[in-house]
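**Student:** Take this structure, written in structure tokens, and hold onto it; I'll ask about it next.
The values are calculated or read from the model by the stated rules, or taken from the named source; none is laboratory data. Note that the structure is a prediction, hence the values are computed from the model and not measured. Note: ideal-geometry Cβ built from the backbone for every residue, glycine included; neighbour counts use all protein chains shown. The area values use the complete protein model at the heavy-atom level, side chains included, leaving out ligands, DNA and RNA. Shrake-Rupley method; radii C 1.70, N 1.55, O 1.52, S 1.80 Å.
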Amino acid sequence: MATMERTTIAGGIEIPRMINGLWQLADMDVDIPSTAKAMEALIASGLSCFDMADHYGDAELVIGEYNGIKSASPEMVAFTKWCPEEDGNTTFEHAEAAVDLALSRMKQKSLALMQYHIWDYTDDTYLKNLAHLQKMQDQGKIRAIGLTNTDAAHLELLNHSGYRIATNQVSCSVIDRRLVRGRLSTVCAEHDIGILAYGTLLGGYLSEKWVGAPEPTDESTLNWSLRKYLRFIRAAGGWGPFQTVLRALAAVAKKHSVSIPAVATRWVLDIPVVKAVIVGSRLTAASDKYKASNLSAFSFKLDQEDVSLISQAQEALCDIPGDSGDEYRRAPFLTASGDLSHHIHGSEDRIKAIGEAVAQGSRVEYHTGSKWEPIAGYCRAVRVGKVIRVSGTTANPPPELADSISAIGGKSARCQTTAILDIIARSVKALGGTTRDIVRTRIMIRNEEDCAEVSGAHGWVFGCEKVGPSNTLVTASPIGDAFLVEIEAEAVVGSSSRPIVVVSQ
């Protein structure tokens, strides 16, 4: 059996480069003692790290059961996640209760890695909750803080804002190459953030079973994982290009006398910023028999000929739209259901009320509670008819964080721009519009040398939305030394649903 490779995260937490993902326990009736017992064989073979979340059924309880066994291995490491609903509760007590519950369920005094999932970048809940987690890290309840499905722009924003982020868990495979095709791998390398990669086998599609097989046509016959990753395949160019890559993987696998999954896993492991890959485990008696096949990814190396063959096959693929994690935030929604119905619940009642007010001819104002709004006599945004006008906006942190963060994004003009466009998007959304409805932006920057960085951040946001608002960019002096950028915007509600006609000179 191959020897497990090991690495470290957060400057000192040692882990194997293959992690047991326990998401499948969320859909199982779990016999906790026998499931915990199944961990022993995996740990003995070097597969001693387990990844779970607050919503993975009894997964945390299984870890707690194992920790209660006298023979429990001290090498076992368990990661968990906190994925709270963004329901307005941003108190420290709320965050502490979540961490304490995980500690209690897992029977641990400290969490090796608490990973946080951000549902909506335009909601500053995540800034507050991550500050709470960082406070508990300082208290010793958490050793390291990670993220899940976070794009390059917001990972960079958090680091420049002073948050200590150790890892980011994202989808990555020979088909889903967003990690290396976009900015995310560069940002991770610059800030020493490790990637924990999942989806490396596309839910099972990257295997001998699918070589030459026809594309599934009846999604009702597929499990949730196969339905989800079929959307990834289609977004990356379709079944034909996928088969081209699969045949290349099969050729490399034959050369090294290993399986296609081993080659696909090795390709991801060889990405410099990838600390480990996560493989699904149900922790049953059958888990032991998959041990050798999983570990075979560590029994060989891809040589230059192998890498070139795979790379040539990948030329047939398209880039999956957006950045890592965008499948949970914007179309195309690469989820099992094809939308966010299983993840996010909208605010239809609020939008309906705004629509009724506008229909009655009302002027609708959006106030954030800033101390300056009553002093200066303004609001963040105002809607009259279908038009929304957003006031000049800087990267002001939430009031609760003003003592620790002078500007969201710190001293990075690019990151401040990202934060400002999130605030603007939140304002437009609050009045019934979307980011795609924005038709004009006006940008004021303090330093001319920041023009390229600010423009790049602006271009990324609207490029993902596939619209191009009219824009003005000038140098000016935003009030407050910490602020490098100020932006105002206008939106026309409903314009995003109209066809876009491009007229070129």
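**Student:** Just need the relative contact order of region 364-464 here, percent rounded to a whole number, with Cα pairs under 8 Å and 6+ apart.
**Tutor:** Computed over region 364-464, the figure is 23 percent.
**Student:** If you average the sequence gap of Cα pairs under 8 Å that are 6 or more apart and divide by the length of the chain, what percent do you get for the contact order?
**Tutor:** 14
**Student:** Per the 1.4 Å probe, what fraction of the accessible area of the chain, in percent, lies on carbon and sulfur atoms?
**Tutor:** Answer for the chain is 52 percent, counting heavy atoms of protein chains only.
**Student:** What's the FRET efficiency of Ser308 with Val211 using the Cβ-Cβ distance as r and R₀ = 22 Å, to the nearest 0.05?
**Tutor:** 0.60
**Student:** May I pose another question? Report the Cα centroid-to-centroid distance between region 391-455 and region 1-52 in angstrom, as an integer.
**Tutor:** With region 391-455 and region 1-52 each reduced to a Cα centre, they are spaced 41 Å.
**Student:** Give, in nm to one decimal, the length gained when the segment between Lys135 and Ser497 is fully stretched (0.36 nm per residue of separation minus the Cα-Cα distance).
**Tutor:** 126.0 nm
**Student:** Compute the helix-to-body angle for 224-235: its Cα long axis versus the longest principal axis of the chain, expressed 0 to 90° and rounded to tens.
**Tutor:** Between helix and principal axis, roughly 60 degrees.
**Student:** Quick one: plug the Kirkwood hydrodynamic radius of region 393-502 (C-alpha pairs) into Stokes-Einstein at 37 °C, 0.692 mPa s, and report D in µm²/s.
**Tutor:** Calculated translational D: 229 µm²/s.
**Student:** Okay, next question. Lys411 to Ile32: FRET efficiency via 1/(1 + (r/R0)^6), r the Cβ-Cβ distance, R0 56 Å, to the nearest 0.05?
**Tutor:** So, using R0 = 56 Å, E works out to roughly 0.70.
**Student:** Starting from the Kirkwood Rh over alpha-carbon pairs, what translational D in µm² s⁻¹ does the chain have by Stokes-Einstein at 4 °C and 1.567 mPa s?
**Tutor:** It comes out at roughly 53 µm²/s.
**Student:** Counting only heavy atoms of the protein chains, get the accessible area per residue of region 1-125 (1.4 Å probe) and round it to a whole Å² value.
**Tutor:** Accessible area per residue, region 1-125: 41 Å².
**Student:** Please compute the length gained on full extension between Ala292 and Thr186, using 0.36 nm multiplied by the number of residues separating them and subtracting their Cα-Cα distance.
**Tutor:** 34.9 nm
**Student:** Now a separate question. Run the helix sum for the chain: -39,500 (n - 2.57) per DSSP H stretch of 4+ residues, divided by residue count, reported at 222 nm to the nearest 500 deg cm²/dmol.
**Tutor:** The helix-only estimate for the chain comes to -10500 deg cm²/dmol at 222 nm.
**Student:** Let me ask something additional. Can you spot the lysines whose alpha carbon is less than 29 Å from Lys81's alpha carbon? Ignore those fewer than 8 places along the same chain.
**Tutor:** Lys37, Lys70, Lys107, Lys109, Lys128, Lys135, Lys141, Lys228, Lys275, Lys289, Lys291, Lys429
**Student:** Mind pulling the angle between the C-alpha long axis of helix 413-430 and the longest principal axis of the chain? Nearest 10 degrees, somewhere in 0 to 90.
**Tutor:** That helix lies at roughly 70 degrees to the long axis.
**Student:** What's the FRET efficiency of Ala357 with Asp87 using the Cβ-Cβ distance as r and R₀ = 30 Å, to the nearest 0.05?
**Tutor:** Between Ala357 and Asp87 the formula returns 0.80.
**Student:** Would you list, by chain and number, the aspartates and glutamates whose Cα falls below 18 Å from the Cα of Lys352, excluding same-chain residues fewer than 8 positions away?
**Tutor:** Cα-Cα hits under 18 Å: Glu365, Asp437.
**Student:** In addition: Taking a cut-off of 17 Å, what percent of all Cα-Cα pairs in region 402-452 are separated by more than that?
**Tutor:** For region 402-452, the share of Cα pairs beyond 17 Å comes to 46 percent.
**Student:** What is the projected area of the convex hull of the Cα atoms of region 147-292, averaged over all directions, in nm²?
**Tutor:** Mean projected area for region 147-292: 10.0 nm², to one decimal.
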